[in-house]
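The values are calculated or read from the model by the stated rules, or taken from the named source; none is laboratory data. Computed from a prediction, not measured in an experiment: that's the story for all the values here. Cβ: placed from backbone, ideal geometry, glycine included. Neighbour counts: every protein chain shown. Note: areas computed on protein heavy atoms with side chains; ligands, DNA, RNA excluded. Shrake-Rupley method; radii C 1.70, N 1.55, O 1.52, S 1.80 Å.
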Amino acid sequence: MAEPASGRVWTSQGKQMEDLPDAAVLATRLKNTLIQYHSLEDDKWRVAKKMKDVTIWRKPSEEFNGYLFKAQGVIDDVVNSVIDHIRPGPCRLDWDSLMTSLDILEYFEENCCVMRYTTAGQLWNIISPREFVDFSYTVDYKEGLLSCGISLDWSEKRSEFVRGYNHPCGWFCVPLKDSPNRSLLTGYIQTDLRGMIPQSAVDTAMASTLINFYGDLQKALQKA
C-alpha cells in the first residue's frame, strides 16, 4: 500500500483544521513501534485473562502510567475480511458494542485517515463515555495486514465526553499457516481513559473488553 501523503489535515472546503505531524513520518514511526511490541519476548508478558479461544496479556506501558495489553486469538475468516471489520469505516459500528459513533474527519490516503469516535460507559457506568481522535494507518505486514493507530492532541472537544488517549496500538492479522481461510489476530492496546478512575477498574474493564471484542467480531464475520 502507498505511504500516506505528507502535510496537514484539511477540510473539504480547503480550510486547515489542525496542525499535525507529517502523516508519512507518523505512519512509519507508528508501524515500527507496533512491530517492536510484536517482537517482545514471551517472558515480558503476564496473563491477565484467558478464555478458550482468546488470551489477554499485559505489561507496564512505557508510554504512560498504565498497561500495554496484548490480545491474541484465531478468527474463522480471511485476513482482508477481518481487517475490513476492524479498520475505520461503517463495518465497525455495525458490530462493536463498545463504539457508539465513528466519523472520518479526513483522509490522507485510502489506507490512512483521522477519525473521531465515542465509546459507551463501562462497569455500570463507573467509566463514563469517552471520545477519541485517532490517526489510523493500515499497511501490509508479511502475508497479512497491520491496522494501527495513535491519538492526536485535537483541540476541539465536546463537553459531554471525557477525551481519552490511545498510545500506539494496533492489530496484526495473518493467515494461519495450516488453514489460510482462518486468521491469527494479535492486538496491542494501551489506552489512557483519563478522568477520575481507579487504575484497577481500568485494567479489569480492558481485559474483559478485549475478550468481548473477539467474540463480537467473530459473530459479525459469520453473519457477513
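A few remarks follow.
- Burial ranking of peptide ranges 98-104, 190-196 (average Cβ count within 10 Å, highest at the top): 190-196, 98-104
- Total charge dipole magnitude, the chain, about the Cα centre, Cβ charges on Lys, Arg, Asp, Glu only, Debye to nearest 20: 600
- The stretch 107-224 shape via C-alpha gyration tensor axes, a/c threshold 1.5: oblate
- Kirkwood radius for the chain, taken over all pairs of different Cα atoms as the inverse mean of 1/r, rounds to 18.0 Å.
- The stretch 64-168 - Rg (one decimal) and Dmax (whole number), Cα, Å: 14.6, 43
- Dipole moment magnitude, nearest 20 debye, the stretch 136-202 about Cα centre, only Lys, Arg, Asp, Glu C-beta charged: 100
- Shape call, the stretch 37-77: gyration tensor on alpha carbons, a/c limit 1.5: prolate
- Exceeding the 23 Å Cα-Cα cut-off - candidates 49/157; 50/219; 142/177: 49/157
- 222 nm mean residue ellipticity, helices alone, for the chain (DSSP H n ≥ 4; -39,500 (n - 2.57); rounded to 500): -8000 deg cm²/dmol
- Based on Cα contacts under 8 Å between residues 6+ apart, the chain shows a relative contact order of 21 percent.
- Sulfur and carbon atoms: percent of accessible area, the chain [1.4 Å]: 49
- Here's how it looks for residue 67: its modeled amide H is under 5 Å from those of 61, which are all 5 or more places away or on a different chain.
- Shape call, the stretch 25-94: gyration tensor on alpha carbons, a/c limit 1.5: oblate
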